[in-house]
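J.: Shown below is the structure under consideration.
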Amino acid sequence: MKVLLGLKNFDFGGAENHVCDLANSLVDLGNEVILVSGKGRQESRLNKKVVFIPYRLRDHGFLFNIYLLRKIIKKNNIDIIHAHQRISIFYSCIISKLLKVPLVVTIHGRTRLDLKSKLTRNTPGRLIFVSEQVLKVSACYNQIKEKSVVIPNGVEIIENDFPRKPFSICYVSRLDHKHAEVVLMMIRDVLPLLLSKYPEISFYVIGEGKGSKYIQAEADSLNMKSNKQVCFILGFQQEVKEIFLESSLVMGVGRVAIEALACGVPVFSINQKRLGSIVTVENIDFYQINNFVAVGNQPPTPDAVYRTLDEFYKNIERHYSEIKLLQEKIRQNFDRTKVTQKIVRIYDEALLINR
């Protein structure tokens, strides 16, 4: 099968990581893949068999965007288009109608933007959602539910034989002003409390954005007050698995949480909007349905975050004893090859609809 994957950006983020992994898995399964996206650091992770066309679709340049996509699709005899992110979805819908090429769309979390018009809601033959919650809360749910399916992002399962740093906490996120709130709270309010009880505590932050300079300043201040390096602000990292494997705990949601559990590392579900808990055998089904976001919960507070981390370290052996069971759950539902095979079946369905 010849597949055209399209998205706007190809740097750091859940959609970008997913598309890179999907492209690699598709070619591993014997498909031909062409990827159209703006240039970005994910390029270095692409399988050499993937044909990468560096072009960033934008809101302006309408006619040229259509011309370019039409040329690529006709030249390569594309069987199916798979679009991600708003602008790629929009143009893919137009070109799908023009050339009668089946279209599959993946929604990574912004339904109100990605499917805001009748064109984007009606044109795709199939819609893939990465979480049940994103689909069910969609304002257009009744219009799209019959052609929608939930397929989470796939990940690689890694056996964790690395020596852990016993009190190492890792937080991964974009570091714009909103996402930086949790990191700043950790450095200013939570880590000083943890240090008094767990002097070996260390905090690793992966990500970049406009909030990075404020985070670095606070980290430098805490390191100076502590007379040692407690905070490690690592910026963008092309590969995070080795850092995960050495950590005692990873903080985050969505793909970050899934990848950490796939590496056999405990996870604390938290972002700037929702305070969750440590993922356990008892609650993992809830978190899987909700893309590892504590849907319905309140935003985090310093006291609540401290209590959760304190309880984790008090009961760390119990959490470690559960990790193989949690990793097996991830293997069943998120294994990259299994997920890619499910997506290929959706391509087959879209092709049948278009005949």
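The values are calculated or read from the model by the stated rules, or taken from the named source; none is laboratory data. Model, not experiment: these values are computed from the prediction. Neighbour counts run over all protein chains shown; Cβ positions are idealised from the backbone, glycine included.
J.: Return the total of residues in the range 272-299 being assigned to a loop (DSSP other than H, G, I, E, B) and either aliphatic (A, V, I, L, M) or surrounded by fewer than 23 Cβ atoms within 10 Å (Cβ to Cβ) (or both).
T.: 16
J.: Take the range 167-199 and flag every residue that is farther than 14 Å from Gln272 by Cα and either in a loop (DSSP other than H, G, I, E, B) or aromatic (Phe, Trp, Tyr) (or both).
T.: Within the range 167-199, Phe167, Tyr198, Pro199 meet the criteria.
J.: Let me ask another. Kindly indicate the residue of the range 23-47 that is in contact with a strand residue (DSSP E or B) (Cβ under 7 Å, 6 or more places away or on another chain) and in a helix (DSSP H, G or I) and also surrounded by the fewest Cβ atoms within 10 Å (Cβ to Cβ) among those meeting that condition.
T.: Glu43
J.: Let me ask something else. Please state which of the following conditions Asp161 fails to meet, knowing it meets all the rest: (1) within 21 Å of Ala260 (Cα to Cα); (2) in contact (Cβ under 8 Å) with a residue 60 or more places away in the chain; (3) not in a helix (DSSP H, G or I); (4) not β-branched (Val, Ile, Thr).
T.: In the conditions (1) within 21 Å of Ala260 (Cα to Cα); (2) in contact (Cβ under 8 Å) with a residue 60 or more places away in the chain; (3) not in a helix (DSSP H, G or I); (4) not β-branched (Val, Ile, Thr), Asp161 misses (2) alone.
J.: What is the residue count in the range 255-271 for residues that are farther than 18 Å from Arg336 by Cβ and outside any strand (DSSP E or B)?
T.: The qualifying residues number 2.
J.: Sticking with this one: Among the numbered criteria (1) closer than 30 Å to Val101 by Cα; (2) among the small types (Gly, Ala, Ser); (3) part of a loop (DSSP other than H, G, I, E, B), which one does Ala350 miss?
T.: (3)
J.: Scanning for something under 23 Å from Leu351 (Cα atoms) and either among the aliphatic types (A, V, I, L, M) or modelled with pLDDT of 95 or more (or both), does the range 52-63 turn up at least one residue?
T.: No, the conditions are met nowhere in the range 52-63.
J.: Taking the range 245-275, which residues are hydroxyl-bearing (Ser, Thr, Tyr) and within 14 Å of the chain's Cα centre (by Cα)?
T.: Ser269
J.: Which of the residues that make up the range 195-204 are of a type outside the set (Gly, Ala, Ser), surrounded by 15 or more Cβ atoms within 10 Å (Cβ to Cβ) and under 14 Å from Asn223 (Cα atoms)?
T.: Once the filter is applied, which keeps residues that are of a type outside the set (Gly, Ala, Ser), surrounded by 15 or more Cβ atoms within 10 Å (Cβ to Cβ) and under 14 Å from Asn223 (Cα atoms), the range 195-204 yields Leu195, Ile201, Phe203, Tyr204.
J.: Within the range 181-220, take every residue that is among the small types (Gly, Ala, Ser) and within 19 Å of Tyr306 (Cβ to Cβ) and give me the one that is farthest from the chain's Cα centre (by Cα).
T.: Ser196
J.: Which pairs have Cβ atoms under 9 Å, sit 6 or more apart or on different chains, and link a residue in the range 306-331 that is modelled with pLDDT of 95 or more to one that is part of a helix (DSSP H, G or I) and of a type in the set (D, E, K, R)?
T.: Within 9 Å, the pairs are Tyr306/Asp189; Asp310/Lys197; Tyr313/Lys197.
J.: Consider Leu222 carefully, then state whether it is buried (at least 16 other Cβ atoms within 10 Å of the Cβ), out of contact with any Pro (no Cβ under 8 Å at 6 or more places or on another chain) and assigned to a helix (DSSP H, G or I).
T.: No; evaluated as a whole, the condition is false for this residue.
J.: Further question on the same structure: Which ones in the range 96-133 are of a type outside the set (D, E, K, R), outside any loop (DSSP other than H, G, I, E, B) and surrounded by fewer than 19 Cβ atoms within 10 Å (Cβ to Cβ)?
T.: Answer for the range 96-133, where residues must be of a type outside the set (D, E, K, R), outside any loop (DSSP other than H, G, I, E, B) and surrounded by fewer than 19 Cβ atoms within 10 Å (Cβ to Cβ): Leu98, Leu99, Leu113, Leu119, Asn122, Gln133.
J.: May I ask you to verify whether Gln229 is in contact (Cβ under 8 Å) with a residue 60 or more places away in the chain, among the polar types (S, T, N, Q), assigned to a loop (DSSP other than H, G, I, E, B) and in contact with a helix residue (DSSP H, G or I) (Cβ under 7 Å, 6 or more places away or on another chain)?
T.: It is false that Gln229 is in contact (Cβ under 8 Å) with a residue 60 or more places away in the chain, among the polar types (S, T, N, Q), assigned to a loop (DSSP other than H, G, I, E, B) and in contact with a helix residue (DSSP H, G or I) (Cβ under 7 Å, 6 or more places away or on another chain).
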